[in-house]
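A short worksheet on the structure shown next.
The values are calculated or read from the model by the stated rules, or taken from the named source; none is laboratory data. Just so you know, these numbers come straight off a predicted model, no measurement behind them. Here the Cβ positions follow ideal geometry from the backbone for every residue, glycine too, while neighbour counts run over all protein chains shown.
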């Protein structure tokens, strides 16, 4: 009997088109894209990771109001004015996305960091929302 | 044009900014009317933009969240290859995922350049999730000013 072993090969990157938001009113000229995000939750916090290539810290806006979280990133054009375009596969524009959160976030302790075009947002849960262990005593 | 061949050329570019913008406006209008997105996926990773000025050719790629050590740029016989891997970040085992949209995996793209590029002066810079490769043009490819002499 032969045993087939599945060779472990590297996973190939799946190309993904930038998703443009259409139909929204923009206050800045240029297209607006939806960043790809990962959201995961642990016992103490919710973490959001968003791919926002080209966004600088001073062009990033994070707003939490009435349990609606809005992340907004401005991208400056990378090419200087004197360059002539030969090929364009991606467009540069702003990133924007809204999330509705449950009202258990400790808004005072939200932490945001931006590195290599990835935003990492840590939203700690409010104390009251954390699961509490209830001791059961034997009678 | 510096690029001789690009495997699976994704979207056509007219080379004229005004025409490109008019095309995108049309696509946007069509999208809003039909509710469908007409733009095709580039089908390749990473997506790149190529531009030039009189001194250099610039290749820019959107590559958010890559460790510099996981990026591999090579230049061989006028072929520039951008390869690398975006690693999957393993978070806390107890974490429950609500959304997982960010892609990860290995990628590789090659570009054949014409001999007008001075290969040894190639520079690469990775900042804020954008990789910029600057390829200086060979001296003979740069525009030259021709002095005009007044007749005696």
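How do the strands (runs of 3 or more DSSP E) wholly within the stretch A:63-120 filter down when requiring 1 or more residues that are within 18 Å of residue B:102 (Cβ to Cβ), free of Cβ contacts under 8 Å to residues at least 12 places away in the same chain and facing chain B (nearest Cβ under 10 Å): which remain?
Details: elements: A:68-75, A:84-88, A:94-100, A:111-115.
Passing ranges, in order: A:111-115.
Looking at (1) surrounded by fewer than 17 Cβ atoms within 10 Å (Cβ to Cβ); (2) modelled with pLDDT under 90, can you tell me which one residue A:56 breaks? With (1) surrounded by fewer than 17 Cβ atoms within 10 Å (Cβ to Cβ); (2) modelled with pLDDT under 90 applied to residue A:56, the lone miss is (2). Residue-level check: of (1) in contact with a strand residue (DSSP E or B) (Cβ under 6 Å, 6 or more places away or on another chain); (2) more than 20 Å from residue A:44 (Cα to Cα), residue A:109 misses just (2).
Of all residues in the stretch B:121-141, those satisfying the criterion of being assigned to a loop (DSSP other than H, G, I, E, B) and within 7 Å of another protein chain (Cβ to nearest Cβ) are B:128, B:129. Looking at B:58, B:97, B:126, just one residue is in contact (Cβ under 8 Å) with a residue 60 or more places away in the chain and under 30 Å from residue A:39 (Cα atoms), and that residue is B:126. Just one of (1) within 24 Å of residue A:37 (Cα to Cα); (2) without any contact (Cβ under 8 Å) to a residue 60 or more places away in the chain; (3) not in a loop (DSSP other than H, G, I, E, B) fails for residue B:88. It is (3).
Can residue B:50 be described as more than 7 Å from every other protein chain (Cβ to nearest Cβ) and modelled with pLDDT of 85 or more?
Answer is no for this residue.
For the stretch B:119-147, a residue qualifies if it is in contact with a helix residue (DSSP H, G or I) (Cβ under 8 Å, 6 or more places away or on another chain) and either under 20 Å from residue A:117 (Cβ atoms) or surrounded by fewer than 16 Cβ atoms within 10 Å (Cβ to Cβ) (or both), and exactly one does: B:126. Checking each residue in the stretch B:64-85 for being farther than 24 Å from residue B:102 by Cβ, assigned to a loop (DSSP other than H, G, I, E, B) and touching a strand residue (DSSP E or B) at 6+ places or on another chain (Cβ under 7 Å) picks out only B:78. Of all residues in the stretch B:91-120, those that are within 11 Å of chain A (Cβ to nearest Cβ) and outside any loop (DSSP other than H, G, I, E, B) total 11.
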